[in-house]
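The values are calculated or read from the model by the stated rules, or taken from the named source; none is laboratory data. Because the structure is predicted, anything quoted here is derived from the model rather than measured. For neighbour counting, all protein chains shown are included, and Cβ atoms are generated from backbone atoms with ideal geometry for every residue, glycine included.
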Amino acid sequence: MQMTPTRRAFLSYAAALGAAPILPAVAQKTGTVTMGVITPTTGTFAYAGDLVARGAALALEMHGSNVLGTNVRLLTRDDEGKPASGVRRVQEAATSDGMRYFIGAYSSAVGLAESEVAQREKLLQFAAGGSEDFTGTRCGRYTFQWSAHPYTAIRATLEYVRKSFPQKKTIYTLTADYVFGHALLKYTRIVAAELGFELVGNDNHPFGERQYTQYLTKVVAAKPDILLLNTAGADAVTAIRQFANFGADNISVVGPWTLEVDQLAELAPEMRTGLILGQNYYPDVDTPANKEFVAAYNKKFAALPGYSSAYAYDAIRTLLLAMENANSVEVPAVIKALERMSWDGVLGRMSIDPNTHQLVRPYFVARCKPASAMRHTADFAEIVATGNAPQPSQLNECKQMPEL
């Protein structure tokens, strides 16, 4: 069952992990750095809210809640998965609580709306939405993108399919009808042409769709080799559950950016077996920083982390490293440090493209296991491929990164 935590439960995670409670600006200590976790606890991505809070607070706790002798505090706000709410929460936190840094844009539409506030108020945003616009047409000096570029994600996933299943050549896409889905569909078309796949159909579905029969009936009638899901969150869970009822076992389900380990438990074993999923993060990533993170997370929560927690942990950890690199907690200095530094993150060796503010990082492809092959209750899949192909420079629409 999808978890929909209350705002009170969400805030309790931050308190339990040692993060400071939300306080009015007049009560803040001079010299305190305030970081915001602006993320959904209601709506399609509600499951992510408490998980993002866990990762962010754990990173801060492991850093001693202090950087360069300055106290660091977290505040948490629910963006409700709505652009207007996200903008309001960011503006309120900046004005009333002195927030200068924030993470948590799980929805691209929300994060892009928030990025306008970041540029205007000179706040550093480390986003996680899937739209290319963060580092393309709406790039800004104050916004960085942690998640992989959609081209990187699609290329890694379809390269694996092409090499492992050369007989599969036709694709039908089901696409979320907002900026995230549109970006994935755009690059599905580009990468499909590069790799020799044929696209035989596409249907767009509204955000929060609950009935996919009309789309899936068309998929089955088209008889593609692959159903490619350019959708995520609760939408993806619902689509996969309903597709299982069609009994179309000859059609492989591929999700370049569809489900993370946090949600795979929501599917019956027979529904997830054989799913090919692109992953921004998977707990089996073999790096020293990730092993440290997984061990600390499992000790505290008796669970394995997924994308939501890993993103927040690594984003906060990176911001703290950048402050140390800059020897400053001021936003302009931290931005300049991020643009030139390279570091060992949970994903491996990482850096920022200074021309776009896209994180330069690997992307992972996982294949889900049958229940009989699972080593433990959360051993849903194994990493079968890694890709890091960047967006071709001629396709990028961030033509000039603004001055600070």
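For a quick check of your reading: which strands (runs of 3 or more DSSP E) sit entirely within segment 290-404 and have at least 3 residues that are of a type outside the set (Gly, Ala, Ser) and touching a strand residue (DSSP E or B) at 6+ places or on another chain (Cβ under 8 Å)?
Values: elements: 342-345, 348-352, 363-368, 381-387.
Qualifying strands (runs of 3 or more DSSP E): 348-352, 363-368, 381-387.
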request  = Output the number of residues of segment 155-188 satisfying the condition of being surrounded by fewer than 19 Cβ atoms within 10 Å (Cβ to Cβ) and over 18 Å from Gly136 (Cα atoms).
outcome  = 11
key: Those residues of segment 298-310 which are closer than 17 Å to His376 by Cα and of a type outside the set (A, V, I, L, M, F, W, C), in sequence order   = Asn298, Lys299, Pro305, Gly306
ask   = What are the residues in segment 114-128 that are surrounded by fewer than 24 Cβ atoms within 10 Å (Cβ to Cβ) and either outside the structural domain of Phe102 (by TED's automatic domain parsing) or under 23 Å from Ala310 (Cα atoms) (or both), if any?
value = Leu123, Leu124
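Rundown of residues vs (1) of a type in the set (Gly, Ala, Ser); (2) modelled with pLDDT under 95, yes/no style:
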| site | (1), (2) |
| --- | --- |
| Gly306 | yes, yes |
| Ala315 | yes, no |
| Phe364 | no, no |
| His376 | no, yes |
| Val384 | no, no |
| Glu403 | no, yes |
ask   = In segment 50-75, which residue that is assigned to a strand (DSSP E or B) and more than 20 Å from Phe293 (Cβ to Cβ) is nearest to the chain's Cα centre (by Cα)?
value = Leu75
inquiry  = For segment 363-388: of the residues being buried (at least 18 other Cβ atoms within 10 Å of the Cβ) and touching a helix residue (DSSP H, G or I) at 6+ places or on another chain (Cβ under 8 Å), which is farthest from Asn325 (Cα to Cα)?
reply    = Cys368
key: Considering residues of segment 220-235 that are at pLDDT below 95 and among the aliphatic types (A, V, I, L, M) only, the residue nearest to Val161 (Cα to Cα)   = Ala232
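Taking segment 386-403, which residues are aliphatic (A, V, I, L, M) and under 19 Å from Ile190 (Cα atoms)? Before you say what the answer is, go through the steps one by one.
Initially, segment 386-403 is screened for residues aliphatic (A, V, I, L, M), giving 389, 395, 401.
Correct list: Ala389, Leu395.
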query = What number of residues in segment 290-325 are surrounded by fewer than 22 Cβ atoms within 10 Å (Cβ to Cβ), touching a Phe, Trp or Tyr at 6+ places or on another chain (Cβ under 9 Å) and closer than 17 Å to Met350 by Cα?
reply = 2
